[in-house]
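The values are calculated or read from the model by the stated rules, or taken from the named source; none is laboratory data. What you see is a predicted model; the values in this text were computed from it and never measured. Here the Cβ is made from the backbone with ideal geometry for all residues, glycine too, and neighbour counts use every protein chain on show.
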Amino acid sequence: MSQPTLTVNEIFYSIQGEASHAGLPCIFVRLTACDLRCRWCDTEYAFHQGSPMTVSDIVTRVRKFGCLLVEVTGGEPLLQPQVTVLVQTLLDDGFDVLVETGGHRDVTVLDRRARIVMDLKCPGSGESDRNRWENLRHLDSRDMVKFVLAHHEDYLWACDVLREHQLVQRCPVFFSPVYGELEPAELAGWMLEDGVAARLQVQLHKVLWDADRRGV
């Protein structure tokens, strides 16, 4: 009987750069393929590049790093149906698993022991019409929502979404400026002026290393 197989772009060990686990050592399993084309995407190399690996081989590779925090990301990881097997296997093996998704795919397929990091798409991404709003009903306090903001219009849009869906009452929410487009200090000023109950987030890995470096 053949083992479940996924197309993997890269597996690496680094510092978690975003959301509630920022600053912690983390193993990243980046899967290949994405059906979104966000204007500011910084992982376009994951659209097509990758090699097949069985779930067993992925988990064996992950174990070698000696770290219990794992993020399954992409691309868009939920495009590959066997990701549910990978996530469940990692959880059963004792790992704390984060799954970063664009939020336009059905998250109910995931084992609910996993923590969902949902990247809701703002208008500046060019993909805001793809958001699957019903996904928000399935989030709880262990999950996270982030908004990547390119400009003030994105910020106002994100604030409206917070209010409409009462997101801060549901889970931690992060506002992240598009690297090189929106200055973090400018975003911080808007948030302070409006008293927004979200957390300002910068991409820590881009502060620590070259912004275009892979495998970090």
Kindly evaluate residue 68 against the criterion of being surrounded by 15 or more Cβ atoms within 10 Å (Cβ to Cβ) and more than 17 Å from residue 96 (Cβ to Cβ).
no
Inside the range 1-55, can you point out the residues that are out of contact with any Ser or Thr (no Cβ under 8 Å at 6 or more places or on another chain), aromatic (Phe, Trp, Tyr) and not in a strand (DSSP E or B)?
45
Looking at (1) free of Cβ contacts under 8 Å to residues at least 40 places away in the same chain; (2) more than 18 Å from residue 20 (Cβ to Cβ), which one does residue 197 not meet, given that it meets all the others?
(2)
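Checking the structure you have, find out if any residue of the range 138-148 is outside any strand (DSSP E or B), among the aromatic types (Phe, Trp, Tyr) and in contact with a strand residue (DSSP E or B) (Cβ under 7 Å, 6 or more places away or on another chain).
As a first pass, look at the range 138-148 and keep what is outside any strand (DSSP E or B): 138-143.
The next check asks that each one be among the aromatic types (Phe, Trp, Tyr); those that pass are none.
No, the range 138-148 contains no residue that is outside any strand (DSSP E or B), among the aromatic types (Phe, Trp, Tyr) and in contact with a strand residue (DSSP E or B) (Cβ under 7 Å, 6 or more places away or on another chain).
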Would you mind stating whether residue 103 is surrounded by 15 or more Cβ atoms within 10 Å (Cβ to Cβ), under 24 Å from residue 191 (Cα atoms) and modelled with pLDDT under 95?
yes
Residues of the range 171-183 being in contact with a helix residue (DSSP H, G or I) (Cβ under 8 Å, 6 or more places away or on another chain), assigned to a loop (DSSP other than H, G, I, E, B) and within 19 Å of residue 21 (Cβ to Cβ), in sequence order, are 172
From the options 92, 35, 57, residue that is within 17 Å of residue 109 (Cβ to Cβ) and without any contact (Cβ under 8 Å) to a residue 12 or more places away in the chain
92
Those residues of the range 149-170 that are touching a strand residue (DSSP E or B) at 6+ places or on another chain (Cβ under 6 Å) and either in a loop (DSSP other than H, G, I, E, B) or farther than 21 Å from residue 116 by Cβ (or both) come to a total of 1
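May I ask you to verify whether residue 111 is charged (D, E, K, R), within 24 Å of residue 2 (Cα to Cα), more than 15 Å from the chain's Cα centre (by Cα) and not in a helix (DSSP H, G or I)? Write out each step before concluding.
Numbers: charged (D, E, K, R): yes; within 24 Å of residue 2 (Cα to Cα): yes; more than 15 Å from the chain's Cα centre (by Cα): yes; not in a helix (DSSP H, G or I): yes.
Spelling it out, residue 111 is indeed charged (D, E, K, R), within 24 Å of residue 2 (Cα to Cα), more than 15 Å from the chain's Cα centre (by Cα) and not in a helix (DSSP H, G or I).
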Just checking, how many residues over the range 114-130 are out of contact with any strand residue (DSSP E or B) (no Cβ under 6 Å at 6 or more places or on another chain) and either under 30 Å from residue 64 (Cβ atoms) or part of a loop (DSSP other than H, G, I, E, B) (or both)?
3
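To keep it simple, each residue is scored yes or no on (1) touching an Asp or Glu at 6+ places or on another chain (Cβ under 6 Å); (2) farther than 18 Å from residue 199 by Cβ; (3) surrounded by fewer than 16 Cβ atoms within 10 Å (Cβ to Cβ); (4) among the polar types (S, T, N, Q).
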{"site": "116", "(1), (2), (3), (4)": "yes, no, no, no"}
{"site": "126", "(1), (2), (3), (4)": "no, yes, no, no"}
{"site": "134", "(1), (2), (3), (4)": "no, yes, yes, no"}
{"site": "155", "(1), (2), (3), (4)": "no, no, no, no"}
{"site": "159", "(1), (2), (3), (4)": "no, no, no, no"}
{"site": "164", "(1), (2), (3), (4)": "no, yes, yes, no"}
{"site": "169", "(1), (2), (3), (4)": "no, no, yes, yes"}
{"site": "173", "(1), (2), (3), (4)": "no, no, no, no"}
Which residue is farthest from residue 152 (Cα to Cα), if the candidates are limited to the range 177-216 and must be surrounded by 13 or more Cβ atoms within 10 Å (Cβ to Cβ), at pLDDT below 95 and basic (Lys, Arg)?
214
Report every pair of residues separated by at least 6 positions or lying on different chains whose Cβ atoms are under 9 Å apart, first residue within the range 129-140 and in contact (Cβ under 8 Å) with a residue 60 or more places away in the chain and within 11 Å of residue 170 (Cβ to Cβ), second in a helix (DSSP H, G or I) and among the acidic types (Asp, Glu).
none
